[in-house]
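In what follows, a structure is listed as structure tokens, so that the remarks can point back to it.
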Amino acid sequence: MTEEDIVRGFWHFNQKKEWPPRKITNLEEYKGGDRLNLDITQQSYLSAYQQTQLVKKMV
């Protein structure tokens, strides 16, 4: 994090950077970068058990 990120808060809007970060639901989708937006707990097509397993896989 930069000093600016600390002062403004991590999720502040900055048009120079990709905003919002692209959402990923699987680690295989991550292509690197300084921003990460995990979308793993609001998947309506997954059961609660499957969502829990996805979270465990990410940790």
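The values are calculated or read from the model by the stated rules, or taken from the named source; none is laboratory data. Since this is a predicted model, take the numbers as computed values, not measurements. Because the Cβ atoms are built from the backbone with ideal geometry, glycine has one as well, and the counts that use them run over all protein chains shown.
Applying a threshold of 6 Å to beta carbon distances and a minimum spacing of six or more residues, or different chains, the list of pairs starting in the range 34-58 at a residue that is under 30 Å from Thr2 (Cα atoms) and ending at one that is in a strand (DSSP E or B) reads Asn37/Lys23; Asp39/Lys23.
Note on the range 17-59: residues that are touching a Ser or Thr at 6+ places or on another chain (Cβ under 8 Å) and among the small types (Gly, Ala, Ser) total 0. In the range 21-32, the qualifying residues are those that are surrounded by 10 or more Cβ atoms within 10 Å (Cβ to Cβ), in a loop (DSSP other than H, G, I, E, B) and out of contact with any helix residue (DSSP H, G or I) (no Cβ under 9 Å at 6 or more places or on another chain), and the one that is modelled with the lowest pLDDT is Pro21. Inspect all residues belonging to the range 33-55 and state whether any of them is more than 15 Å from the chain's Cα centre (by Cα), surrounded by fewer than 12 Cβ atoms within 10 Å (Cβ to Cβ), aliphatic (A, V, I, L, M) and at pLDDT 80 or above. Yes: the range 33-55 contains one or more residues that are more than 15 Å from the chain's Cα centre (by Cα), surrounded by fewer than 12 Cβ atoms within 10 Å (Cβ to Cβ), aliphatic (A, V, I, L, M) and at pLDDT 80 or above.
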